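Visitor: Input: one structure, supplied below.
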Amino acid sequence: MRKRFAVWLMIAALIASGALYGPVPVPAAHASGGGNLAAGKPVSASSHADVYAPAHANDGNPDTYWESANHAFPQWFQIDLGQNATIDQIVLKLPAGWEERTQTIQVLGSTDGHSFAAIAGPTGYTLDPVANQNTVSVPADATARFVRLVVTANTGWPAAQFSEIE
């Protein structure tokens, strides 16, 4: 009797965990009106200056930042979201106390990390501490796993710079 009860208990546990019927499919991530899909995800860049590593641009700290090599445009920054995601905007930030600047940015997306297509740009985005708290939103309507920002100019510094990319 105890053995039979233990078997039924094990079957119930397997059903409850989903192990008996296989994994439950997980829907693709979606940013529309939701949270920051880029936070803590793997990042890479064409270069970085001094201690301003790519990981600073998605660490949740608005006072740390990524900065590319100086005087070496174009430069790129890439985030691997881990799975395909529906992207409706990309939010770019600089530290709140920095002076106004315009960075010319093209946003590219890829589902495989090899073949990229334009999501937005190239466009000059003005980050202004007074007008927009050094934050801009780039409208998007795409599905991608990899998001790459290609920066070709910056009026405030001779390098690409972001404190947060969401």
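Visitor: So how do F77, F116 rank on accessible area, 1.4 Å probe, biggest first, that is with the largest at the start?
Guide: F116, F77
Visitor: So how much slack lies between D63 and A96, counting 0.36 nm per residue of separation and subtracting their Cα-Cα distance, in nm?
Guide: 11.1 nm
Visitor: Oh, and also: Would you please give the residues with an amide H less than 5 Å from that of N134, counting only those at least 5 places away or on a separate chain, with H modeled from the backbone geometry?
Guide: D128
Visitor: Still on this structure, I have one more. Using 0.36 nm times the number of residues separating D112 and A53, minus their current alpha carbon distance, what extension gain do you get?
Guide: Roughly 18.8 nm would be gained on extension.
Visitor: Could I ask something else about it? Each residue of the stretch 142-157 in turn: what ³J(HN,Hα) in whole Hz from Karplus with 6.51, -1.76, 1.60 and θ = phi - 60°, glycine and Pro shown as x?
Guide: Rounded to whole hertz, the list is 8, 10, 7, 9, 10, 10, 10, 9, 9, 9, 10, 7, 8, 6, x, 6.
Visitor: In the stretch 89-153, carbon and sulfur make up what percent of the accessible area (probe 1.4 Å)?
Guide: Within the stretch 89-153, the accessible surface is 48 percent carbon and sulfur.
The values are calculated or read from the model by the stated rules, or taken from the named source; none is laboratory data. This is a predicted model, so every value here is computed, not measured. All accessible areas refer to the heavy atoms of the entire protein, side chains included, with ligands and DNA or RNA removed. Shrake-Rupley method; radii C 1.70, N 1.55, O 1.52, S 1.80 Å.
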